[in-house]
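Below you'll find the structure, written out as structure tokens, and then a few comments.
The values are calculated or read from the model by the stated rules, or taken from the named source; none is laboratory data. These figures come from a predicted structure and were not determined experimentally. Here the Cβ is made from the backbone with ideal geometry for all residues, glycine too, and neighbour counts use every protein chain on show.
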Ligand code: MTE
Ligand code: MOS
């Protein structure tokens, strides 16, 4: 479907509508045949050099001296670049608080301290190991507990209070204290971090970067080279996965490649080896939650006092907005009449933790779900009953702690349907019978919801631009500021453009994201890629379409409203014109066949001082019911069955949306059960390769996996009536985690222990065993 059918032949069989169709991914035929070009596949220009990082071996210390002589003696090595060689300011990072290469202070184990530039990638890597450093060690802070005790922050703490928490807590019939920790998570994009920097004429630099945010890479590279942004062009055709890990982190690799290219005067490629990628780049933030919650006899929350602490690593990066999003999702789907939330952004001497699908949302959700789970077990109630009674409802139970009214809540109805469809009540009884008869293998079932706020919480990022070009043969290119990382954004944008212009999908080709085409684009993140860029492309296509309609109306003496375009035909009363002929005629009459489009999300506003406003345009909802089996002798767990009902509004592409839901769920189950990041006491990340860090594989995808889409368009005016889908389903993975807790609770009850389950995430076999026996 990529090669346009010859547009001159208009009798091609084409879908009349592209949106709503399960069209294949725009590059699927290239992905499956190995012909899709990723940065490392692009032929290197002659004379390209290769860059390898020299990594720090201490977590915190002062760099006393650096001896590169052995490295320079390795055949093929051209240069060793250190902080003193940099062409401009030695500062980079989303918080402008990171050195490109440290001149003095080393702040994590694995931090690149110098760069080796060589004629081959292997020579560069071998030589990097030969660089000697003398470092005076300083005490390192590695854990959240140490950071809290030392008040070590990357950004000041944030406190949000809504209602009279003290009074409501004092008056509550029941109170519980609880704690829930969540580990970090490596993004594990299949294509590692990579950039190719190519010096051009007159001080310019072109960079091919595997990045979710070409615009930011452009600015970082320009600053690092000391040139204006117009001298740097950044291009990304696609990524082999990003998952948030290429939102800011890709910029560092591009900057290192670009400064090496400037200094060496030759194209430079930097592609991180997987182990180095693990050591250098940031991951999902590990979080610790602690709370006191007051509630009534039915488990209805009356007040909560909640501490959220995030391990941010050595710099701010995106930790501010990520910790903010954890606050915004501290309620998940539940009304908190009185809430005090204390958010700590802990500075630790590790990689600088960064975006990962959900962006702090999952950590916020995990805490409130754990609290509700504890409440249910404390009262001896079905956790689903407690979840349900706490859902947002009619006023006044419709106000979030940040003052936004929840007006589009579909969860009560959605949960009711999922509960019926998955046979929740009957299966819960069957599981109780199974558990009574099965001494070792225990089963558990949990149903958990998600309500996820859609929009960047920094209001200014909610804008996008696009360009639509129609050529005189009828073929179309679309370009926008968003990036493709496998999530299908480009496919959806092509579908929107095809329908808006009224041409078959096969006529529309998407071109690489390029800072020279659409400037100042936001990161493709916060799940808003299609909402923002799809709308901008729709507006651009609408502009061209309406010019064509006006042209036809003018030449035929018709009203514009009498002209429509559909399926590659221009329809006028009594006749069907050839789109290509119309495009050619319009061109000849000097009608512009291309346009830009610009979109800014309406309604949203947020005041960071008062922490009140409408940070989200709308919410995406969903729920999952998951049944697991737990071996109480080994701690192993298995997901037996999953039922998901998820809200994507009116789906632009059901195949892509189902893929996002399934993938998000499985990725979260990996985070919550098998993926464990372990730092040794000296700050070494011990789990820095697939041999020690276990992500889910196809064998871990549950065989009994049912996903259905909620059949209702977005109630807000959004592109095609759709809703964002990239991140929200990630949080459905909690259903598996809390099902494990159910199974462990059954084992504990049998052994006469309290049914409160002391199990944090990840629920590795060791952790599950401890939770059974503790
Ligand atoms: N799906 C795939 N296949 N690969 C990815 O890297 N990233 C996720 C999600 N789904 C990702 C993915 C993340 S973190 C986000 S924010 C969204 O896709 C970004 O794309 P979107 O805004 O177009 O949904
Ligand atoms: Mo996604 S974590 O917003 O890149």
- line: Scanning region 534-547 residue by residue, the ones that are touching a helix residue (DSSP H, G or I) at 6+ places or on another chain (Cβ under 6 Å) and touching a residue at least 60 places away in the same chain (Cβ under 8 Å) total 5
Candidates 673, 692, filtered to the one that is more than 16 Å from ligand 2 (Cβ to nearest atom), surrounded by fewer than 24 Cβ atoms within 10 Å (Cβ to Cβ) and more than 30 Å from residue 496 (Cα to Cα): 692
task: Mind counting the residues in region 418-441 that are within 30 Å of the chain's Cα centre (by Cα) and surrounded by 14 or more Cβ atoms within 10 Å (Cβ to Cβ)?
output: 3
query: When residues of region 596-625 are filtered for being over 24 Å from the mean Cα position of the chain (by Cα) and buried (at least 19 other Cβ atoms within 10 Å of the Cβ), how many remain?
result: 1
- prompt: Quick one: in region 336-360, which of the residues that are more than 23 Å from residue 279 (Cβ to Cβ) and not in a loop (DSSP other than H, G, I, E, B) is nearest to ligand 2 (Cβ to nearest atom)?
  reply: 343
So residue 668, is it surrounded by 24 or more Cβ atoms within 10 Å (Cβ to Cβ), modelled with pLDDT of 95 or more and outside any strand (DSSP E or B): yes
field: Failed condition for residue 628, given (1) farther than 30 Å from residue 416 by Cβ; (2) touching a helix residue (DSSP H, G or I) at 6+ places or on another chain (Cβ under 6 Å); (3) assigned to a strand (DSSP E or B)
entry: (1)
- request: For residue 103, state whether it is modelled with pLDDT of 95 or more, crowded, with 16+ Cβ neighbours inside 10 Å and not in a strand (DSSP E or B).
  value: no
query: If you take just the strands (runs of 3 or more DSSP E) that sit entirely in region 507-594, which of them hold at least 2 residues that are surrounded by fewer than 15 Cβ atoms within 10 Å (Cβ to Cβ)?
result: 575-578
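Determine which member of the set 154, 113 is surrounded by 21 or more Cβ atoms within 10 Å (Cβ to Cβ) and touching a helix residue (DSSP H, G or I) at 6+ places or on another chain (Cβ under 6 Å).
154
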field: Residues of region 437-490 satisfying the condition of being within 15 Å of residue 599 (Cβ to Cβ) and at pLDDT below 95
entry: 459
task: Please state which of the following conditions residue 628 fails to meet, knowing it meets all the rest: (1) crowded, with 16+ Cβ neighbours inside 10 Å; (2) at pLDDT below 95; (3) farther than 29 Å from residue 328 by Cα.
output: (2)
query: Given 502, 474, 557, which one is more than 16 Å from ligand 2 (Cβ to nearest atom), over 25 Å from the mean Cα position of the chain (by Cα) and without any contact (Cβ under 8 Å) to a residue 12 or more places away in the chain?
result: 557
task: Tell me, please, whether a residue that is within 16 Å of ligand 1 (Cβ to nearest atom) and under 26 Å from the mean Cα position of the chain (by Cα) can be found in region 733-752.
output: yes
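Residue-by-condition table, conditions (1) assigned to a strand (DSSP E or B); (2) more than 16 Å from ligand 2 (Cβ to nearest atom); (3) touching a strand residue (DSSP E or B) at 6+ places or on another chain (Cβ under 8 Å):
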residue: 366; (1), (2), (3): no, no, yes
residue: 375; (1), (2), (3): no, yes, yes
residue: 393; (1), (2), (3): no, yes, no
residue: 408; (1), (2), (3): no, yes, yes
residue: 412; (1), (2), (3): no, yes, yes
residue: 429; (1), (2), (3): no, yes, no
residue: 433; (1), (2), (3): no, yes, no
